[in-house]
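Student: Below is one structure. I have some questions about it.
Since every read-out is calculated from the coordinates, none of them should be taken as a lab result. Predicted, not measured: the structure shown is a model, and the values here were computed from it. Neighbour counts are summed over all protein chains in view; Cβ atoms, including those assigned to glycine, are modelled from backbone coordinates with ideal geometry.
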Amino acid sequence: AQSVSQHNHHVILSEAASLELGCNYSYGGTVNLFWYVQYPGQHLQLLLKYFSGDPLVKGIKGFEAEFIKSKFSFNLRKPSVQWSDTAEYFCAVSYGGSQGNLIFGKGTKLSVKP
Amino acid sequence: DAGVIQSPRHEVTEMGQEVTLRCKPISGHDYLFWYRQTMMRGLELLIYFNNNVPIDDSGMPEDRFSAKMPNASFSTLKIQPSEPRDSAVYFCASSLGGQASYEQYFGPGTRLTVT
């Protein structure tokens, strides 16, 4: 079955540290890739997305992600995190053009210490 | 636009009771999704609609769950009878058609507790 794996369940960083959250998917065909963020007590918001073109995607709030097709990966990065980045981050994949087939990873909780 | 609206935000009910969750999608969006979020299973797609028609309900856990979309601006997810294992946060999301349709906009969720 198609799946999305997020390697870390909980990441704890100090402010100004660099962040990289892993995401791997299982499907070898055409994919659309997303990162969503859920701040405490809030709903999911789109952070960035990849459909095609430049595999390095820049999103809001200084986040970026790189699509590496050969590794089936779409890792999220930020060079310097802030306390306000404390949230849960979800990687999601849609496969083969199927509108509803958006599969989420289980999420990575990021805690940033001030 | 007010975004996707869900009600109630919190629901506490006893086992065996009927629960109805409501969703108003963003105006003009023609896809609507229902998700369930739990610690154990993460975010799961339950069902989605296109132009008010259910397209894929394979994620609906069992016959106790049903969803309807009587018009473009309203959808319900009903659980009857509810069980403690249904306790979760239920999200509704909507999106446009076309390539942009892959960007889903989420509502604030309904936190359901079944005792």
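Student: So, in nm, how far is label A:Lys58 from label A:Lys113 when the simple model puts each one 7 Å beyond its Cα toward the Cβ?
Tutor: 3.2
Student: A further question follows. Let me understand region A:3-114 better: what is its radius of gyration from the alpha carbons, and its Dmax, in angstrom?
Tutor: Answer for region A:3-114, Rg first and Dmax second: 13.4, 42 Å.
Student: From other protein chains only, count the Cβ atoms within 10 Å of every residue's Cβ in A:44-51, then give the mean. Intermediate results must be reported in sequence, preceding the final value.
Tutor: Details: counts 11, 2, 4, 0, 0, 3, 0, 4.
The shielding value for this peptide is 3.
Student: Please report, in debye to the nearest 20, how large the charge dipole of chain A is about its Cα centre when each Lys and Arg carries +1 at its beta carbon and each Asp and Glu carries -1 there.
Tutor: 80
Student: Follow-up. Note down the magnitude of the dipole of chain B about its Cα centre, charges +1 on Lys and Arg C-beta and -1 on Asp and Glu C-beta and zero elsewhere, to the nearest 20 debye. Could you put the intermediate results ahead of the total?
Tutor: Numbers: 10 positive and 13 negative charges, 47 e Å.
Roughly 220 debye, rounded to the nearest 20.
Student: How long are the semi-axes of the ellipsoid equivalent to the protein assembly as shown, from square roots of 5 times the Cα gyration tensor eigenvalues, in whole Å, largest first? It would help to have the intermediate numbers written out before the result.
Tutor: On the way: eigenvalues 173, 86, 51 Å².
Semi-axes from the Cα gyration tensor: 29, 21, 16 Å.
Student: I would also like to ask the following. Just the number, please: percent antiparallel of the DSSP beta bridges in chain B, rounded to the nearest 5.
Tutor: Details: 36 of 40 bridges.
Bridges in chain B that DSSP calls antiparallel: roughly 90 percent.
Student: Now for a different question. Taking every residue in B:30-41, how many Cβ atoms of other protein chains lie within 10 Å of its Cβ, on average?
Tutor: Per residue, the number of nearby Cβ atoms from other chains is 2 on average.
Student: Run the quick spin-label model on A:Asn8 and B:Ser73: label points 7 Å from Cα toward the beta carbon, then report their separation in nm to one decimal.
Tutor: Placing both labels 7 Å along Cα→Cβ, they lie 4.5 nm apart.
Student: Then there is this: If you consider only alpha-carbon coordinates, what radius of gyration and Dmax does chain B have, in Å?
Tutor: 13.4, 42
Student: Which trypsin sites (Lys or Arg not before Pro) from region A:55-114 combine a DSSP loop assignment with at most 10 other Cβ atoms within 10 Å?
Tutor: Counting only loop positions with at most 10 other Cβ atoms within 10 Å, none of the trypsin sites (Lys or Arg not before Pro) in region A:55-114 qualifies.
Student: Now, a different point. Could you point to the residue in B:Ser75, B:Pro25, B:Asn52 farthest towards the positive end of region B:1-83's charge dipole, with +1 and -1 charges on the Cβ of Lys/Arg and Asp/Glu respectively?
Tutor: Value computed over the given set: B:Pro25.
Student: Inverting the mean 1/r over all pairs of different Cα atoms, compute the Kirkwood radius of region A:3-48 and quote it in Å.
Tutor: 13.0
Student: Scan region B:1-57 for GluC sites (Glu not before Pro) in coil per DSSP, keeping those whose Cβ has at most 14 other Cβ atoms within 10 Å, and list them by number.
Tutor: B:Glu14, B:Glu18
Student: Could you calculate the FRET efficiency of A:Tyr39 with A:Glu66 from 1/(1 + (r/R0)^6), where r is the beta carbon distance between them and R0 is 30 Å, rounded to 0.05?
Tutor: Working: r = 24 Å, r/R0 = 0.79.
Once rounded, the FRET efficiency stands at 0.80.
Student: Beyond a 26 Å Cα-Cα separation, which of these cross-linked pairs lie in this structure: A:Lys58/B:Lys24; A:Lys58/A:Lys106; A:Lys49/A:Lys71; A:Lys58/A:Lys113; A:Lys109/B:Lys78?
Tutor: A:Lys58/B:Lys24; A:Lys109/B:Lys78
Student: Give me the tail of P(r) for region A:49-109 as a percent: Cα-Cα pairs with distance above 16 Å.
Tutor: 53
Student: Here is a follow-up. Ratio to report: Rg/Rh of region B:29-93, with Cα atoms as the point set and Rh obtained by the Kirkwood method; give two decimals.
Tutor: Radius of gyration relative to Kirkwood radius: 0.96.
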